[in-house]
Each structure stands twice: as structure tokens, then as C-alpha cells.
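Take a look at the structure below.
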Amino acid sequence: MINQVAATYCSNKLFDHIKQKHKLTSDTQLAKFLFSSSPTISRIMNGRLGLTPKMILIIYDRTGMPIDQIRSLFKQKVVRE
């Protein structure tokens with residue numbers, strides 16, 4: 001049997017960074033902080049929805065993080081077997 005390895009993007013690292021920096025303890029607090037909904041944050045975290053340009057701008061506005069850093073944290077690949 002051959003193992004197939006799929007690389008996916010990890011938005012959790014981005015959202016975990018935001019939660020830690022702004023002392024948010026839940027995904028619901030994160031969603032409110034980013035003027036979003038909990039299901040939208042969950043979809044992004046689970047890879048069912050990409051990080052939209054609108055969400056990148058909201059993260060930039062709310063956190064002051066440079067856009068390059070936002071993209072860098074979001075684009076880190078996680079390899080799953």
C-alpha cells in the first residue's frame with residue numbers, strides 16, 4: 001500500500017497568533033474581534049474556505065499586522081499522511 005501525503009495550508013497558526021496577541025480565549029471571541037461569524041472562522045480553519053482579500057484587510061485593520069506576515073502565517077504548509 002502506498003501512503004499519499006497531502007499538503008494543506010494551516011490557518012490555525014495565523015488565528016492562534018491573533019488569539020494569543022489579543023488575549024482572545026475562544027474562536028467565538030476571535031470571530032467577533034474580526035467582525036466575522038464563528039462558522040466562517042471554522043471553515044477557514046478547517047480548510048473549507050480560503051482566506052479572502054476582505055478577511056486579510058480586516059485582520060490588517062484589527063491587528064496592525066503587515067499583510068506579508070498575515071499571508072506568511074496562513075500559507076505555512078502542514079503535511080498530513
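All other residues with a Cβ under 13 Å from the Cβ of Lys21 taken together, and with Lys, Arg as +1 and Asp, Glu as -1, what is their net charge? Mind showing how you got there, number by number?
On the way: positive: Lys13, Lys19, Lys23, Arg62; negative: Asp16.
Here the count lands on +3.
Exposure proxy check: Thr63, Thr25 ranked by fewest other beta carbons within 10 Å? Provide the component values of the computation, followed by the final result.
Details: Thr63 17, Thr25 8.
Exposure proxy ranking, most exposed first: Thr25, Thr63.
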message: If each residue of separation counts as 0.36 nm, what is the full-extension length gain between Asp68 and Lys13 once their alpha-carbon separation is subtracted?
response: 18.4 nm
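Work out the P(r) tail for segment 6-80: percent of alpha carbon pairs separated by more than 17 Å, whole number.
Numbers: 1022 of 2775 pairs.
More than 17 Å apart: 37 percent of the Cα pairs in segment 6-80.
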- request: With label points built 7 Å along Cα→Cβ from the Cα atoms of Tyr60 and Gln29, find their separation and express it in nm.
  value: 2.7
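Taking other Cβ within 10 Å of each residue's Cβ, how do Lys19, Lys54 sort, fewest first? Show your work: numbers first, answer last.
Numbers: Lys19 17, Lys54 10.
Starting with the residue having the fewest Cβ neighbours, the order is Lys54, Lys19.
Read the figures in this text as sums done on the coordinates, not as results from a lab. Predicted model, so just to flag it, every value in this text is computed and none were measured. All Cβ positions, glycine included, derive from the backbone under ideal geometry; neighbour counts span all protein chains shown.
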